[in-house]
1. Among the residues of region 11-21, write down those that are surrounded by 15 or more Cβ atoms within 10 Å (Cβ to Cβ) and in a strand (DSSP E or B).
2. Would you confirm, using the coordinates I've provided, whether residue 48 is assigned to a helix (DSSP H, G or I), over 17 Å from residue 8 (Cα atoms), at pLDDT 95 or above and under 14 Å from the mean Cα position of the chain (by Cα)?
3. Which one of 119, 101 is over 19 Å from residue 58 (Cα atoms) and at pLDDT below 95?
4. I'm told residue 78 meets every condition in (1) under 14 Å from the mean Cα position of the chain (by Cα); (2) more than 27 Å from residue 113 (Cα to Cα) except one. Can you identify the failing condition by its number?
5. Looking at 24, 123, 34, can you tell me which residue is closer than 20 Å to residue 2 by Cα, over 15 Å from the mean Cα position of the chain (by Cα), surrounded by 14 or more Cβ atoms within 10 Å (Cβ to Cβ) and touching a residue at least 12 places away in the same chain (Cβ under 8 Å)?
6. Please go through region 52-69 and pick out each residue that is on the phi < 0 side of the Ramachandran plot and in contact with a helix residue (DSSP H, G or I) (Cβ under 7 Å, 6 or more places away or on another chain).
7. Would you confirm whether or not region 1-9 contains a residue that is surrounded by 14 or more Cβ atoms within 10 Å (Cβ to Cβ), assigned to a helix (DSSP H, G or I), touching a residue at least 60 places away in the same chain (Cβ under 8 Å) and within 12 Å of the chain's Cα centre (by Cα)?
């Protein structure tokens with residue numbers, strides 16, 4: 001099964017096939033509105049505005065599995081993102097990224113890239129509070145990122161505290177766009 005065979009619901013609740021993004025570089029991010037990492041929306045939107053014309057799509061997937069940091073409805077999420085960060089990149093309905101309710105999209109992403117490229121001190125902070133997931137391949141926290149190539153290949157997975165402006169992420173995105 002290809003990533004393009006997976007269907008998701010957009011933030012308006014309409015079913016959408018990821019096939020709509022075939023041939024583009026995708027950056028998929030599980031997002032949350034009430035997280036210490038929420039200001040990353042600013043960088044994600046700046047990246048989207050700078051690179052959309054070059055074939056990059058940033059796709060936001062709200063998730064409420066990390067300390068309930070995305071409690072709102074889809075309408076509330078969309079309003080928050082629009083008013084607070086002027087988000088124009090595509091947003092989707094809330095989904096689960098870990099556990100028995102893990103969405104098929106995240107099942108496939110994690111199977112393709114079971115380990116994230118490490119970030120800063122977030123992992124240690126979560127470990128100190130006993131908040132790390134039980135399985136090393138699980139999504140660690142909000143704002144973990146997956147980079148998908150134009151052919152649908154999962155190229156990389158980045159820890160939540162790596163921002164799109166960090167060299168390892170920015171370089172990987174540029175290589176994918178040039179491929």
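The values are calculated or read from the model by the stated rules, or taken from the named source; none is laboratory data. Worth saying up front: this structure is predicted, and the values here are computed from it rather than measured. Ideal geometry is used to build each Cβ from the backbone, glycine not excepted, and the neighbour counts take in all protein chains shown.
1. The one that is surrounded by 15 or more Cβ atoms within 10 Å (Cβ to Cβ) and in a strand (DSSP E or B): 16.
2. Taking the combined requirement at face value, the residue satisfies it.
3. Answer to the check: 119.
4. Tallying (1) under 14 Å from the mean Cα position of the chain (by Cα); (2) more than 27 Å from residue 113 (Cα to Cα), residue 78 fails exactly one: (1).
5. Answer to the selection: 24.
6. Our first condition is that a residue be on the phi < 0 side of the Ramachandran plot; within region 52-69, this holds for 52-54, 56-66, 69.
Of everything in region 52-69, those that are on the phi < 0 side of the Ramachandran plot and in contact with a helix residue (DSSP H, G or I) (Cβ under 7 Å, 6 or more places away or on another chain) turn out to be 54, 56, 57, 58, 62.
7. No: region 1-9 contains no residue that is surrounded by 14 or more Cβ atoms within 10 Å (Cβ to Cβ), assigned to a helix (DSSP H, G or I), touching a residue at least 60 places away in the same chain (Cβ under 8 Å) and within 12 Å of the chain's Cα centre (by Cα).
Results for (1) farther than 23 Å from residue 154 by Cβ; (2) part of a strand (DSSP E or B); (3) over 16 Å from the mean Cα position of the chain (by Cα), shown as yes or no for each residue.
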| site | (1), (2), (3) |
| --- | --- |
| 38 | yes, no, no |
| 53 | yes, no, yes |
| 65 | no, no, no |
| 108 | no, no, no |
| 114 | no, no, no |
